[in-house]
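Student: Got a structure here, written out as structure tokens. Questions coming.
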Amino acid sequence: MTTIPPDMLLAFDTSSAACTVALFDDAGACVASRDELIGRGHAERLVPMIAELMSGRRADQILVGVGPGSFTGIRVALAAAHGLAIGWNSKLEGLSSLALIAANGVRAEGDVAVAVTGGHGELFIQQFDGSTFDPSSNLHNLPPAEAATTIDAALVVGSGAERLVEARGWGEAREQWPSAAKALSLPLSLRSLAPRPVYARAPDARVPEAA
């Protein structure tokens, strides 16, 4: 008798210096994960990490981090996700990269803010409920001084947390990175996004206009 493998869900994110991949079973339990802080080189590392995790298996659903964050990293993840979804005939959805950072910590009372370093010295910022990770503010892309007047959560996490807390003059900063193992901790609204980039600002790379 042929055994039908359980439905599997693959989640990954390369929007930051971290390259993170996780595999979940049909009950929503994380059965394997990899987290590597690599800085650059996501295009070379992501697919081997996925292959190591899958061990020849296929995922019925794929969740991919859509940003905001590194322009190149987001594109790398989305290209891989679309290719795998076509090859495996899998359902493909996006997840909030900032919410994934918020979820990779201790659940807290009140809000937690995420601040991620962006281009031109600016920060991507958003606040989330510390227990449910539902968004409690809009997403913004601002210079640190302006971000400091927008965020009122005492705890700020992410690659830009120290800069925001320093500009604000109070609060706790934690350098925190996303972990795909926390993907199913996000509310459904933040893990059923369209699989396309969320930049929060226009990307610097532009297609030349026709003369």
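Student: If I go through the range 24-43 residue by residue, how many of them are in a loop (DSSP other than H, G, I, E, B), in contact with a strand residue (DSSP E or B) (Cβ under 9 Å, 6 or more places away or on another chain) and over 15 Å from Asp13 (Cα atoms)?
Tutor: The number of residues fulfilling the criteria is 3.
Student: Looking at Ser159, Ser90, which one is at pLDDT 95 or above and in the same structural domain as Ala32 (by TED's automatic domain parsing)?
Tutor: Ser90
Student: On the given criteria, is Asp111 touching a residue at least 60 places away in the same chain (Cβ under 8 Å), closer than 25 Å to Leu155 by Cβ and among the acidic types (Asp, Glu)?
Tutor: It is false that Asp111 is touching a residue at least 60 places away in the same chain (Cβ under 8 Å), closer than 25 Å to Leu155 by Cβ and among the acidic types (Asp, Glu).
Student: OK, next. Taking the criterion of being touching an Asp or Glu at 6+ places or on another chain (Cβ under 8 Å), of a type in the set (S, T, N, Q) and not assigned by TED's automatic domain parsing to the domain that holds Val21, would at least one residue in the range 116-132 satisfy it?
Tutor: The answer is yes, given that some residue of the range 116-132 is touching an Asp or Glu at 6+ places or on another chain (Cβ under 8 Å), of a type in the set (S, T, N, Q) and not assigned by TED's automatic domain parsing to the domain that holds Val21.
Student: Could I ask something else about it? Considering each residue of the range 128-178, count those that are of a type in the set (D, E, K, R) and assigned to a loop (DSSP other than H, G, I, E, B), and give that number.
Tutor: Count: 3.
Student: Moving to a separate point now. Tell me, yes or no, whether the range 157-170 has at least one residue that is surrounded by 14 or more Cβ atoms within 10 Å (Cβ to Cβ), out of contact with any His (no Cβ under 6 Å at 6 or more places or on another chain) and closer than 30 Å to Asp25 by Cβ.
Tutor: yes
Student: Consider Ala80 against the criteria (1) among the hydrophobic types (A, V, I, L, M, F, W, C); (2) free of Cβ contacts under 8 Å to residues at least 40 places away in the same chain; (3) in a helix (DSSP H, G or I): it satisfies all of them except one. Which criterion is unmet?
Tutor: Of (1) among the hydrophobic types (A, V, I, L, M, F, W, C); (2) free of Cβ contacts under 8 Å to residues at least 40 places away in the same chain; (3) in a helix (DSSP H, G or I), only one is false for Ala80: (2).
Student: Conditions first: (1) hydroxyl-bearing (Ser, Thr, Tyr); (2) surrounded by 22 or more Cβ atoms within 10 Å (Cβ to Cβ); (3) touching a His at 6+ places or on another chain (Cβ under 8 Å). Thr150 passes all but one, so which condition is the exception?
Tutor: Here Thr150 meets the rest and fails (2).
The values are calculated or read from the model by the stated rules, or taken from the named source; none is laboratory data. Being a predicted model, the structure only gives us computed values, none of them experimental. Note: ideal-geometry Cβ built from the backbone for every residue, glycine included; neighbour counts use all protein chains shown.
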